[in-house]
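As structure tokens, the structure follows; a few thoughts come after it.
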Amino acid sequence: MMRTSFAALIIASCILMRAFVKPSPLHTLEMDTLLTSEGDSQRTQYPYVTGTSVIGIKYKDGILMAADMGGSYGSTIRYKSVERIKQVGKHSLIGASGEISDFQEILKYLDELILHDNMWDDGNSLGPKEVHSYLTRVMYNRRNKFDPLWNSLVIGGVKNGHKYLGSVSMIGVNFEDDHIATGFGNHLARPLLREEWREDLSFEEGVKLLEKCMRNLLYRDRSAVNKIQIAKITEEGLTVSQPYSLKTFWIFSAFQNPTVGAEGSW
Amino acid sequence: MPKEHANWSPYDNNGGTCVAIAGADYCVIAADTRMSTGYSILTRDYSKICKLADKSYMASSGFQADVKALQKVLSSRHLIYQHQHNKQMSCPAMAQLLSNTLYYKRFFPYYAFNVLGGLDSEGKGCVFTYDAVGSYERVGYSAQGSGATLITPFLDNQLKSPSPLLLPAKDAVTPLSEAEAVDLVKTCFSSATERDIYTGDSVEIIILNANGVRRETEQLRKD
């Protein structure tokens, strides 16, 4: 009797979990344009052009953020020079994964936010914490209207010596931590960061750690491209690196002869 | 033409467990600090407890964005109350406000499972427990969230709460001392951590009494 009720509990929790599972992968994009009903035609249903993971870490002098430059259209890697990390005001960086057009809209909102902040002309400027708070409200309110901005955002920056690194998801889930990753990065990069991140990483060590994570993503995330940018922000200012590619290693014996020993192979 | 179904959910369960125990002249409110999504951990150091008033602390688990929004709404309503009445809201008053706020969104609920703990106007510990749409009751102790099913039976056994059906109603406030209650809470969390994947990392414990507020942290298993 205990076992059946236990089984029922498992099934019930599976159903509940299913109800909250994230969207399924893209199916034929052409189909949706034929199937939209007029009432919902303005609402976001699926992402179209997407960016993959963004990784951010705090290091000794500030924040380091890395992302590749790919924009995928379903399973096609359509764009290879998409800048997914941008500056926001004097003190912050924003990195975005998910729908690129929604990111561009977010950048427009942030432009207006920073403009109005500057127009006060009071010597004060919005820091990363404020930008994070603003974006959380924007994302949550869009989710409330059932028309989300399909992005996972990473906001990082330094203001008055305080380093800040936070994340917002498309439904408004937000938090701050010493290291952040979106999408596949949560599964592949975060464990590496949990092992190897330290409070007092130097710039070189930070970059090496980020490159290690990005390389891991390159091997295992099919929407990753080998053209990355690493951005650094400190009290002094911000630099976004020129795009460059990572060295990868493919001479594993399992890659040389991938079907050796596989069922049904010869 | 059949209606299309959205392929995204406006809700997510970010997990976590909250517990509160009311004593004769104290109240203990505790919550773990793990925030998860699906089978991933987002962060190990996230506070689920919010100070709503001097003598009202709310611990909430569930969908974090809704919890944050709820905390914001209640905090700002408390600020307005202070401006209008020139005093802090009492815990029972805050309890009613929370219930009304939750029911206000009855048809698009805050996916938040709340436990409100504090001291009433007589200085006695009070704990209020809620569901996602605002039904609430004053109790001697409560657990909510992913580990609640593991903790509640244990508290029922240890705190030997009198039946709510008795007449005249017997007080459910525990006769345990403050130190014993805090120890009990720590035991609850370390047990729940063993079997609930969404509970762990560390537990944040707030102790309210006549002398003020105290905060304790205890490390939990991180697996």
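Here, each number is a calculation from the coordinates, and none is a lab measurement. Worth saying up front: this structure is predicted, and the values here are computed from it rather than measured. Methodologically, a virtual Cβ is constructed for each residue, glycine included, from the backbone with ideal geometry; neighbour enumeration extends over all protein chains shown.
For this structure, a couple of remarks:
- Segment B:174-223 - residue that is of a type in the set (G, A, S) and in contact with a strand residue (DSSP E or B) (Cβ under 6 Å, 6 or more places away or on another chain) and, of those, surrounded by the fewest Cβ atoms within 10 Å (Cβ to Cβ): B:S202
- Residue pairs whose Cβ atoms lie under 9 Å apart, sitting 6 or more positions apart in sequence or on different chains, and linking a residue in segment B:41-54 that is within 16 Å of A:G166 (Cβ to Cβ) to a partner that is of a type in the set (A, V, I, L, M) and part of a loop (DSSP other than H, G, I, E, B), are B:L42/A:V173.
- Restricting attention to segment B:8-38, the residues that are within 30 Å of A:G98 (Cβ to Cβ) and in a loop (DSSP other than H, G, I, E, B) total 12.
- A residue that is farther than 26 Å from A:L153 by Cβ and either within 10 Å of chain A (Cβ to nearest Cβ) or among the acidic types (D, E) (or both) cannot be found anywhere in segment B:36-43.
- Number of the condition not met by A:R190 [criteria: (1) surrounded by 14 or more Cβ atoms within 10 Å (Cβ to Cβ); (2) farther than 26 Å from A:H91 by Cα; (3) free of Cβ contacts under 8 Å to residues at least 40 places away in the same chain]: (2)
- Selection count where residues are touching a residue at least 60 places away in the same chain (Cβ under 8 Å) and farther than 26 Å from B:T37 by Cβ, scope segment B:187-212: 4
- Boolean, B:A59 is out of contact with any helix residue (DSSP H, G or I) (no Cβ under 8 Å at 6 or more places or on another chain), of a type in the set (A, V, I, L, M, F, W, C) and part of a strand (DSSP E or B): yes
- Residues of segment B:1-32 classified as within 14 Å of chain A (Cβ to nearest Cβ) and not small (G, A, S), total: 12
- For first residues located in segment A:119-145 and within 13 Å of chain B (Cβ to nearest Cβ) and within 14 Å of B:A65 (Cβ to Cβ), partners that are small (G, A, S) and in a helix (DSSP H, G or I) and lie 6+ apart or on another chain with Cβ distances below 6 Å form the pairs A:Y140/B:A65.
- The residue list B:V73, B:V133, B:V115 contains one member that is assigned to a helix (DSSP H, G or I) and of a type in the set (V, I, T), which is B:V73.
- A:E204 vs. criteria without any contact (Cβ under 8 Å) to a residue 40 or more places away in the chain and within 14 Å of chain B (Cβ to nearest Cβ): no
- Only listed residue being of a type in the set (S, T, Y) and in contact with a Ser or Thr (Cβ under 8 Å, 6 or more places away or on another chain), chosen from B:S75, B:S90: B:S90
- Residues of segment A:158-175 satisfying the condition of being more than 8 Å from chain B (Cβ to nearest Cβ) and over 15 Å from A:S97 (Cα atoms): A:V158, A:K159, A:N160, A:G161, A:H162, A:K163, A:Y164, A:L165
- Exactly one residue out of A:I155, A:I106 is more than 14 Å from chain B (Cβ to nearest Cβ), touching a helix residue (DSSP H, G or I) at 6+ places or on another chain (Cβ under 6 Å) and in contact (Cβ under 8 Å) with a residue 24 or more places away in the chain: that is A:I155.
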